[in-house]
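For reference, the structure discussed in these notes is given below.
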Amino acid sequence: MLQQLEGSRAIAQGIALCKPEVVCAYPITPQTHIVEALAEMVRTGELANCEFINVESEFAALSVAIGASAAGARSYTATASQGLLYMCEAVYNAAGLGLPIVMTIGNRAIGAPINIWNDHSDSMAMRDAGWIQLYAETNQEALDLHIQAFKLAEALSCPVMVCVDGFILTHAYERIEIPEAHDVDAFLPPYDPVQVLDCNDPVSIGAMVGPEAFAEVKYLQHRKQLAALELIPEIASEFSARFKRDSGGLVKPYRLEGAETIVVALGSMNGTIKDVIDEMRNEGHAIGSLAIVSFRPFPLQAVRAALVDAKRIVILEKSLSVGLGGPLSDGVRKSLSGTGLHGHTVIAGLGGRAITRKSLKALFVKAEMDELELLDFLDLDRDIVNVQLEREKETRRSGPVAENVLKSIGTVASRIA
Amino acid sequence: MPLQPIKFYQTGTFTVGNRLLDESQRTVQANMRRTNSLNSGHRACQGCGEALGARYALDAAMQATKNRLIAANATGCLEVFSTPYPETSWQIPWMHSLFGNAASVATGIAAALKVKGKQDVRVIAQGGDGGTTDIGFACLSGMFERNDDVLYICYDNEAYMNTGVQRSSATPPAARTATTPAAGAHPGNSFGTGKNVPLIAMAHRIPFVATASVANLHDLEAKVNKAMTIHGARYIHIHVPCPLGWGSHPSDTLKVARLAVESGLFPLFEAEHGEITASLRLRKKAPVEAYLKLQRRFSHLFGEKPDRDTIAMIQAIADRNIEKFGLESP
């Protein structure tokens, strides 16, 4: 049924259709609306046969999900930013134990400085934890990816993170097609665990493993991700056949025919990128884009196949690997090895900085003129940076950086555009 | 406390021998059909109090639940010595996730059992004092305040033994650990520090809280048994000597545990909904010195020039416990 819904509400409805048996919740902006909606659905009985548990931290939220999943229940939680970092130890643990938990990340920056707005620093910090990571471009896709995520997680016995841009998606109202319950039931069979805590067949889960077998256990985790490279497109096409729309997959190419410049990005900014590409195509520019849906496993072959005929690659990233560049670029560059293409990393949209069509167009034109650095920053105010660098040069006790920068800017609200 | 129709003092041990009791009153541990939930062959040290405590507690819980039991375990000695891959000593469904989350994992298991309609299966979470009073404390408190249907058992050996005897918030004053060395003007752990988790558990007004000791098997089993008759959050704190960490002789584990109780340093009591309902009276009071002297972690208090002031401060703690928990014989 087509509805006008807030992204979080749509995601919650998608989750409910998947009939999770245990949902654990701890509030953190911007994912909170999702678990609020689920709490309501459990109370009203719209989501039946589900234990909704209000926990005392994100670490506990995922730990409860770990216990519930190991005891055979379909388990779900959601978090963001500091919350994801606070549960980091459990994030690795859930993957190491092979528990098919699904977790929504309402992508948000990490402090300090504390910041509630969107970028990808949080999920990127967990990129090597052993979870599958899928990034949604729209709220429709966010909803659809959750339904696919449970199927994928349970098929592989591997946890899946669905990454949804905070505010830009979670708080945006859009037209969304809510799937029919019978279709979801047919698409997603009940959870049949590969390991379960059962009094009739006792097992020990979580044993100490030494050097004699640790590498093998970790390699088997890697094999699951390799298997996901096959399974993700299969599940996406099965989804498309049943629900009559395309969502998910490994990558999503856009206007790549004859493209000399290809822009690679994750998540919602692909919408803006496509608008700019349409505009530039109309003006005769040979430009296209590649949205990466599956960041873990990273689809090296699919990315290479999509990019290999281009002249230049621009990788737009909402996350800064401080001291190196961007985590998405690491994967893209690896996929390009031997092609002579190296890719330009452009860090954009940190801490919710708006990525505008105007800035993107200027950036892509600069790229076409081969004037981009290997690592560039979109809309970085060098003057403000230089004021602080000068201050540090002049005074030993120059004070806290963030506060100094805010003082240099003056009124903040007027600068968010 | 369990009702004992007879009072029998056996020479030296002060415990009632099973053979003197009616079959129905004997311990689970004395029964040939005990489940050996934590089976032999594990890697615990000689004289390990924690291995004893876990074995006693889980076999009792198994009997109480008709073998319908799942355990979640914190990282620590118990977890490491019981599951050296690919072997396991656990005869029950058992799960280890992390150091600080056993209470939450148990909450998740209990929630799954509820939603699956398997409410006859009961859940125990267990950890050492580090995993309970320090790193797992937030999860423990969360499980308590939600009144989740979990029995949490803390095996308290008063320091981080698995990592090589470092101080925890359960380490007693003056005790030497690797991080509270017996050096300087005030050797060992500082006075006025640490926390009493049984009392904190009571402050959550959960249905059942108890302390127990491996030196009193009847009492320990009775408390576990009682805990399994109750639904909601329950907490049992078991005092388990660690020969390696305490510097006591492995053959003295029960003796040391008994002296902790008899001195008043480890009072045995139980509480319901935040109120103490029973405490074990001391039939024979022991001076703290008798307890301290058996352990090298307190050896800096003795020797040629005993530290009388510090010993007196420890005696004062024991005396306060005896008064507060009503341990004096009537």
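Of note:
- 25 Å Cα-Cα threshold exceeded, pairs from A:K151/A:K274; A:K19/A:K318; A:K224/A:K252: A:K151/A:K274; A:K19/A:K318
- Whole-percent pair-distance distribution, where bins are 10 Å wide, for the alpha carbons of the stretch B:153-312: 11, 37, 35, 15, 2, 0
- With contacts taken as Cα pairs under 8 Å and at least 6 residues apart, the stretch A:2-243 reaches a relative contact order of 24 percent.
- For the residues B:E145, A:E154, A:E177, a 1.4 Å probe over the protein chains yields an accessible-area ranking, largest first, of B:E145, A:E177, A:E154.
- Alpha-carbon Debye profile of chain B, log10 I(q)/I(0) at 0.08, 0.13 Å⁻¹: -0.34, -0.95
- Folded to 0 to 90 degrees: helix A:32-44 orientation relative to chain A principal axis, Cα: 20 degrees
- Accessible-area ranking of B:K118, A:K358, largest first, probe 1.4 Å: A:K358, B:K118
- Excluding same-chain neighbours fewer than eight residues apart, the aspartates and glutamates reachable from A:K334 by a Cα-Cα span under 20 Å are A:D128, A:E230, A:E260, A:D309, A:E317, A:E373, A:D376.
- Net charge in the neighbourhood of A:M103 (other residues with Cβ under 12 Å of its Cβ; Lys, Arg +1, Asp, Glu -1) is -2.
- Remark: relative contact order (chain A) = 14 percent; criterion is Cα-Cα distance under 8 angstrom and separation of 6 or more residues.
- Net charge dipole size for the stretch A:1-135 [Lys, Arg +1 and Asp, Glu -1 on Cβ; Debye, nearest 20]: 220 debye
- With a 10 Å cut-off around each Cβ of A:48-61, the average count of Cβ atoms from other chains is 5.
- Set of the stretch A:346-389 residues, backbone N closer than 11 Å to the point 7 Å along the Cα-Cβ line of A:S408: A:381-389
- Taking label positions 7 Å along the Cα-Cβ direction at both A:N49 and A:E238, the computed distance is 2.0 nm, reported to one decimal.
- Accessible surface of A:R353 - all protein chains present, 1.4 Å probe, nearest 10 Å²: 130 Å²
- Cα centroids of the stretch A:183-204 and the stretch B:261-311: 49 Å apart.
- Under conditions of 10 °C and 1.306 mPa s, the stretch B:144-188 yields 129 µm² s⁻¹ as its translational diffusion coefficient, taking Rh as the Kirkwood radius over Cα pairs in the Stokes-Einstein equation.
- Kirkwood's formula applied to the C-alpha pairs of the stretch B:138-213 gives a hydrodynamic radius of 14.0 angstrom.
- B:N147 versus B:K324: modelled label distance in nm, points set 7 Å from Cα along the beta carbon direction: 2.7 nm
- Net dipole in debye of the protein assembly as shown [+1 Lys, Arg Cβ; -1 Asp, Glu Cβ; about Cα centre; nearest 20]: 1960 debye
- GNM result for chain B, Cα springs below 10 Å: residue of B:I124, B:I236, B:I314 fluctuating most strongly: B:I314
- Peptide packing for A:99-106, A:322-329, A:81-88, B:21-28 was compared via the average number of neighbouring C-beta atoms within 10 Å per residue; ordered from the highest value, the list is A:99-106, A:81-88, A:322-329, B:21-28.
- Within the protein assembly as shown, the proportion of C-alpha pairs whose separation exceeds 53 Å stands at 23%.
- Cα centroid separation - the stretch A:22-67 against the stretch A:107-162, whole Å: 17 Å
- Peptide ranges A:388-394, B:110-116 listed from the most packed, as the mean C-beta count within 10 angstrom indicates: B:110-116, A:388-394
- Cα lying deepest toward the dipole's positive end in the stretch B:168-249, options B:V209, B:G188, B:G247, charges on Cβ: B:V209
- Förster-model FRET efficiency, 51 Å R0, A:I384 and B:R296, C-beta, rounded to 0.05: 0.25
- Two-decimal Rg/Rh across the stretch A:2-243, once Rg and the Kirkwood Rh are taken from alpha-carbon atoms: 0.95
- Residues of the stretch A:271-297 falling in the label zone of A:K311, defined by backbone nitrogen less than 14 Å from a point 7 Å along Cα to beta-carbon, are A:284-288.
- As computed over the stretch A:251-377, the Cα convex hull volume per residue (Å³): 97 Å³
- For the residues of B:137-149, the average number of beta carbons from a partner chain within 10 Å of their own beta carbon is 3.
- Look at where the Cα atoms of the stretch B:173-235 and of the stretch B:55-118 average out, and the two centres are 20 Å apart.
- Only protein heavy atoms count here; under a 1.4 Å probe, B:K284 has an accessible surface of about 100 Å².
- Shape analysis of chain A based on the Cα gyration tensor places the equivalent ellipsoid semi-axes at 35, 25, 22 Å, largest first.
- Efficiency of FRET between B:I200 and B:E23 - r from beta-carbon atoms, R0 35 angstrom, step 0.05: 0.35
- Selected from B:E221, B:E275, B:E87 as most flexible by GNM, with chain B as the system and alpha-carbon contacts under 10 Å: B:E87
- Degrees between helix A:139-156 axis and first principal axis of chain A (Cα, 0 to 90, nearest 10): 50 degrees
- Dipole magnitude (debye, nearest 20) for the stretch A:251-377, charges at Cβ of Lys, Arg, Asp, Glu: 380 debye
- On the basis of the beta-carbon distance and an R0 of 35 Å, A:E36 and A:N200 show a calculated FRET efficiency of 0.40.
- Crossing angle, helix A:214-243 versus chain A [Cα axis fit, 0-90 degrees, rounded to tens]: 90 degrees
- Each of B:K118 and A:F214 was given a label point 7 Å from its Cα along the Cα-to-Cβ line. The distance between the two points is 3.2 nm.
The values are calculated or read from the model by the stated rules, or taken from the named source; none is laboratory data. Note that the structure is predicted; figures quoted are calculated from it, not measured. FYI the Cβ positions are ideal-geometry reconstructions off the backbone, even for glycines, and counts take in every protein chain you see. Accessible surface is based on the protein model in full, side chains and every heavy atom, while ligands, DNA and RNA are left aside. Shrake-Rupley method; radii C 1.70, N 1.55, O 1.52, S 1.80 Å.
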